[in-house]
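To keep things clear, I will list the structure first and then write my remarks on it.
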Amino acid sequence: MQYIPSDSRYDNIIYKRCGRSGLKLPPISLGFWYNFGGYDIFENCRAMVHRAFDLGITHFDLANNYGPPYGSAEKNFGQIFQKDLKPYRDELIISSKAGWDMWPGPYGNFGSRKYLIASLDQSLKRMGLNYVDIFYHHRPDPETPLEETMGALDYIVRSGKALYAGISQYKPEGTKQAAQILRSLGTPLLIHQPNYNMFDRWIEQGLLDVLKEEGVGSIVFSPLAQGLLTDKYLKDIPSDSRAGKEYIRFFNSDNVTEAKLAKVRKLNDLAKERNQSLAQMSLAWVLRQPVVTTALIGASKVSQIEDAIGALQNLNFSNDELKRIDEILK
C-alpha cells in the first residue's frame, strides 16, 4: 500500500534554526541507534518512520555502525526510503556518522581521512542516497591530527556527499578548535551531538558556552537516559527494553539501580503535577537550553514517538520546578 504522509504534518511543529545557519530542525528528531536493525521487525521500523514524518519529524539520524548488526539500520532505512520516502527527499534531513569501529583493520575506526570518506561512501550505498544532509565525526580521535579530520569533513561537503558537517562528543576545547579549523576552510561547523539528560549534565560545564560563542547548534542524544527517564522501569525491567536486551552494549540492567529509580519516581511525581509523562518532562528539560536545537529520541513503538511530540505542549519550567529537579538529583 502506498504511503501518503499527513497533510497536516507541518501544522503543529515550530522548527528551530540550527546555530547561525540557515537550516531549521524539528525540536524532536528520530534516532536509529537501536530498534531499527537486523534483529528488529522491519514493518515496525517502517511504521515508526511513517508516524514520525506524519507528526512533523523531518530529521532521521543514523550512523555507519547502528543496528545491530553494524550497517543494518542504514540498510533498513534505505528500504523504507525507497519504498515510501523517496518522493519527499527534499523535505527530509538525513544524517550519518563515522568514528567508531566499523570494519577490521587499521582503516575502519576513529578519524582518518581514509576512514571517514570510505565510510560515508558505504553509508550512501546502504541507504541508496546521493548525499546525506549532515555528516558527523562520531567521536574525537586522540591520534589523528584534528586538521586531517576536519579537512575530511570539508572535502565531504565540497564533494556534495553531505550538505553540512557535524561533530559528536567533542569536549569544549576540541569543539572550539574544530569550529575554527572548519571556518578557516570555508565549511562552517553546523552542529554538535553530545549526550545530555538530567542524570548526565557534562555539557553545562563549558560546552554550551562554546556552542553559543561559535554559533553552532546542538542535537542532544540520550535525553531520556536510554529510557531510564521514562516510566518504563518504575516497577521492573521489561524484556523488550534496552536494559533487557543482552546484545545492547551501552546500557543494561546494571544501569538500573535502586538509587536511580528512587530519583526517577520523584521526578515522575513532578511530571504528573505538570500534566506530562516523565519522558515528556525530560525532553522539555533538555529543550529549555537555548543552544539545544533538537532532542534526539530512540523509539521501539509508535506510541513512544507520539508521546515525545506531546512534550512540545509544555516546554516551560518555573524556577521552583527547576529547583525541585536539582534537589531530587543531588
Identify the single condition in (1) touching a His at 6+ places or on another chain (Cβ under 8 Å); (2) of a type outside the set (A, V, I, L, M); (3) within 20 Å of Ser218 (Cβ to Cβ) that Asp84 does not satisfy, given that it satisfies every other one.
-> (3)
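Which residues, taken from region 137-168, are of a type in the set (S, T, N, Q) and crowded, with 19+ Cβ neighbours inside 10 Å? Break it down stepwise before answering.
Initial filter on region 137-168 (of a type in the set (S, T, N, Q)): 144, 149, 159, 168.
Result: Thr149, Ser168.
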Quick check: is even one residue across region 106-120 within 18 Å of Phe36 (Cα to Cα), touching a strand residue (DSSP E or B) at 6+ places or on another chain (Cβ under 8 Å), surrounded by 21 or more Cβ atoms within 10 Å (Cβ to Cβ) and of a type outside the set (A, V, I, L, M)?
-> no
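This table checks each residue for (1) more than 18 Å from Asn35 (Cα to Cα); (2) of a type in the set (Val, Ile, Thr).
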position: Leu283; (1), (2): yes, no
position: Gln289; (1), (2): yes, no
position: Thr293; (1), (2): yes, yes
position: Val302; (1), (2): no, yes
position: Glu306; (1), (2): no, no
position: Asn314; (1), (2): yes, no
position: Ser318; (1), (2): yes, no
position: Lys323; (1), (2): yes, no
position: Asp326; (1), (2): yes, no
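What helices (runs of 4 or more DSSP H) completely inside region 225-318 contain at least 1 residues that are at pLDDT below 95? Let's see the steps before the verdict.
Values: elements: 258-273, 278-287, 302-310.
Qualifying helices (runs of 4 or more DSSP H): 258-273.
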Taking Ile134 and the conditions (1) buried (at least 21 other Cβ atoms within 10 Å of the Cβ); (2) more than 26 Å from Ala299 (Cβ to Cβ); (3) β-branched (Val, Ile, Thr), which numbered condition does it fall short on, given that it satisfies the others?
-> (2)
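Taking the condition of being in contact with an Asp or Glu (Cβ under 9 Å, 6 or more places away or on another chain) and of a type in the set (Val, Ile, Thr), how many residues in region 201-223 meet it? Lay out the reasoning, then the answer.
Taking region 201-223 as the starting set, the residues that turn out to be in contact with an Asp or Glu (Cβ under 9 Å, 6 or more places away or on another chain) are 206, 210, 219, 221-222.
Cutting the leftovers down to of a type in the set (Val, Ile, Thr) gives us 210, 219.
Final tally of qualifying residues: 2.
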Keeping to region 149-180, report how many residues are over 18 Å from Ser119 (Cβ atoms) and out of contact with any strand residue (DSSP E or B) (no Cβ under 7 Å at 6 or more places or on another chain).
-> 7
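Could you list, in sequence order, the residues of region 204-224 that are within 12 Å of the chain's Cα centre (by Cα) and either at negative phi or assigned to a strand (DSSP E or B) (or both)?
Start the filter on region 204-224 by keeping residues that are within 12 Å of the chain's Cα centre (by Cα), which leaves 218-224.
Once the filter is applied, which keeps residues that are within 12 Å of the chain's Cα centre (by Cα) and either at negative phi or assigned to a strand (DSSP E or B) (or both), region 204-224 yields Ser218, Ile219, Val220, Phe221, Pro223, Leu224.
The values are calculated or read from the model by the stated rules, or taken from the named source; none is laboratory data. None of these values were measured; they are calculated from a predicted model. So basically every Cβ, Gly included, is an ideal-geometry build from the backbone, and we count neighbours across all protein chains shown.
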